[in-house]
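A.B. asks: Please find one structure pasted underneath; my questions will follow.
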Amino acid sequence: MFDQIIAYFEKIDPVLAAFYATLFTWFLTALGASFVLFFKNMNRVVLDGMLGFTGGVMIAASFWSLLAPAIEMSKGEGFDKVIPASVGFALGALFIFGLDKVLPHLHINFKETEGVKSPWQRTTLLVLAITLHNIPEGLAVGVLFGGVAAGIPEASIAGAVTLAIGIGIQNFPEGIAVAMPLRRMGMSRWKSFMYGQSSALVEPIAAVVGAVAVTFFTPILPYALAFAAGAMIFVVVEEVIPETQQDKNTDIATLGFIAGFIVMMVLDVALG
């Protein structure tokens with residue numbers, strides 16, 4: 001099955017492939033959000049474990065799928081070889097840091113509001129928070145497909161598809177994490193689902209932007225890969241991990257993190 005998927009993506013334009021791959025990641029977000037159509041609540045222990053899993057996948061993807069290839073494809077030796085990855089990583093983290101301070105949004109726990117003051121409803125602010133965090137995920141997939149289009153040896157269709165699969169897997173609990181709190185606030189099942197799935201619609205857009213940018217400006221690829229990694233890790237450390245510590249389910253969240261890291265590492269090494 002995986003070989004057939006790779007064969008299909010090899011036949012189409014890489015930018016279109018990036019779009020299709022992130023439609024898959026959006027679909028799994030929507031699938032997670034659809035749980036709200038059948039359940040009003042989810043056990044907090046389960047949710048913390050799934051969010052920990054999400055963090056593990058994102059950290060593993062940041063290294064195995066993004067940082068390691070960025071370093072490998074950089075020219076030079078020693079410090080010269082790691083400079084593009086270091087610069088890109090720092091810029092990615094600073095980019096999300098800047099958006100975090102400017103874009104009004106609400107954390108999943110509904111207790112912390114960040115960004116400029118806004119009259120927007122709390123539901124809108126929550127969806128904006130998850131949307132903000134999905135930008136680097138879509139960008140990461142798009143950048144890898146863009147590297148394929150540019151003919152970079154270290155970028156492969158298999159690696160890009162594997163990354164999309166990993167991000168899709170961790171998007172599933174994200175969809176639940178957005179939709180369930182909205183339902184608990186009294187929003188209808190359908191509206192909760194629509195808000196939950198819409199948070200990932202930014203991923204196909206970010207993927208296309210990343211793929212096109214790398215296609216036209218090939219030398220930026222190692223910087224772009226590291227940029228996506230820095231943005232993803234900032235999200236994990238600033239939002240995902242702290243959220244799993246809110247209700248003292250630290251052991252479950254940590255085990256979930258370990259499981260997520262292992263799953264993404266195995267996928268990337270075995271398939272990518």
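A.B. asks: In degrees, nearest 10, range 0 to 90: what is the angle between the Cα axis of helix 44-61 and the longest Cα principal axis of the chain?
C.D. replies: The answer is roughly 10 degrees.
A.B. asks: How high is the relative contact order of the chain, given as a whole-number percent (alpha carbon pairs under 8 Å, six or more residues apart)? Let's see the in-between values first.
C.D. replies: Working: 518 pairs, mean separation 115.8, N = 272.
43 percent.
A.B. asks: Take every Cα-Cα distance within the chain, group them into 5 Å bins from 0 onward, and report for each bin the whole-number percent of pairs it holds.
C.D. replies: 1, 7, 13, 18, 20, 17, 12, 8, 4, 1, 0, 0
A.B. asks: Considering the Cα trace of segment 145-272, what is its radius of gyration and what is Dmax, both in angstroms?
C.D. replies: Values for segment 145-272 (Cα only, Rg and Dmax): 17.1, 51 Å.
A.B. asks: Could you check how much of the accessible area of the chain is carbon and sulfur, as a whole percent, using a 1.4 Å probe? Numbers along the way, then the final one.
C.D. replies: Working: 8490 of 11970 Å².
Carbon with sulfur: 71 percent of the solvent-accessible area.
A.B. asks: Here is a follow-up. By how many degrees, between 0 and 90 and to the nearest 10, does the Cα long axis of helix 250-271 differ from the longest principal axis of the chain?
C.D. replies: Relative to the chain, helix 250-271 is tipped by roughly 30 degrees.
A.B. asks: Any idea of the accessible area per residue across segment 139-272, 1.4 Å probe, to the nearest Å²? Show your work: numbers first, answer last.
C.D. replies: Working: 5060 Å² over 134 residues.
In whole numbers, segment 139-272 has 38 Å² accessible per residue.
A.B. asks: Just to check I understand the Karplus step: with θ = phi - 60° and J = 6.51 cos²θ - 1.76 cosθ + 1.60, what whole-Hz values come out for segment 5-16, glycine and proline as x?
C.D. replies: Ordered by residue, 3J(HN,Hα) equals 5, 4, 4, 5, 5, 5, 8, 10, 4, x, 5, 5 Hz.
A.B. asks: Now for a different question. Considering only protein heavy atoms, what is the solvent-accessible area of S34 at a probe of 1.4 Å, reported in Å² to the nearest 10?
C.D. replies: 20
A.B. asks: Roll a 1.4 Å probe over the protein heavy atoms and report the accessible area of R189 in Å², nearest 10.
C.D. replies: Rounded to the nearest 10, the figure is 100 Å².
A.B. asks: Segment 1-62 to segment 166-231: how many Å between their Cα centroids?
C.D. replies: 9
A.B. asks: Taking the Cβ of A61 as the centre, find all other residues whose Cβ is under 15 Å away and add up their charges (Lys, Arg: +1; Asp, Glu: -1).
C.D. replies: Values: positive: none; negative: E137, E174, E203, D268.
Residues near A61 contribute -4 overall.
A.B. asks: Measure nothing fancy, just the Cα-based angle from helix 189-198's long axis to the longest principal axis of the chain, in degrees from 0 to 90, nearest 10.
C.D. replies: 20
A.B. asks: Sorting check: for 140-147, 12-19, which peptide has the highest mean count of neighbouring beta carbons within 10 Å, and how do the rest follow? Don't skip to the end; give the middle numbers.
C.D. replies: Numbers: 140-147: 33.2, 12-19: 20.4.
Ranked from most to least packed, the peptides come out as 140-147, 12-19.
A.B. asks: Over segment 27-101, average the accessible area per residue using a 1.4 Å probe and give it in Å², no decimals. All intermediate terms of the calculation are to be shown ahead of the outcome.
C.D. replies: On the way: 3550 Å² over 75 residues.
Per-residue accessible area for segment 27-101 comes out at 47 Å².
A.B. asks: If you consider only alpha-carbon coordinates, what radius of gyration and Dmax does segment 1-72 have, in Å?
C.D. replies: Rg then Dmax for segment 1-72, in Å: 16.4, 47.
The values are calculated or read from the model by the stated rules, or taken from the named source; none is laboratory data. Quick caveat, the model's predicted, so the values are computed rather than measured. Positions of Cβ are generated from backbone atoms using ideal geometry, with glycine treated the same way; all protein chains shown enter the neighbour counts. Ligands, DNA and RNA are excluded from the accessible area calculation, which covers all protein heavy atoms including side chains. Shrake-Rupley method; radii C 1.70, N 1.55, O 1.52, S 1.80 Å.
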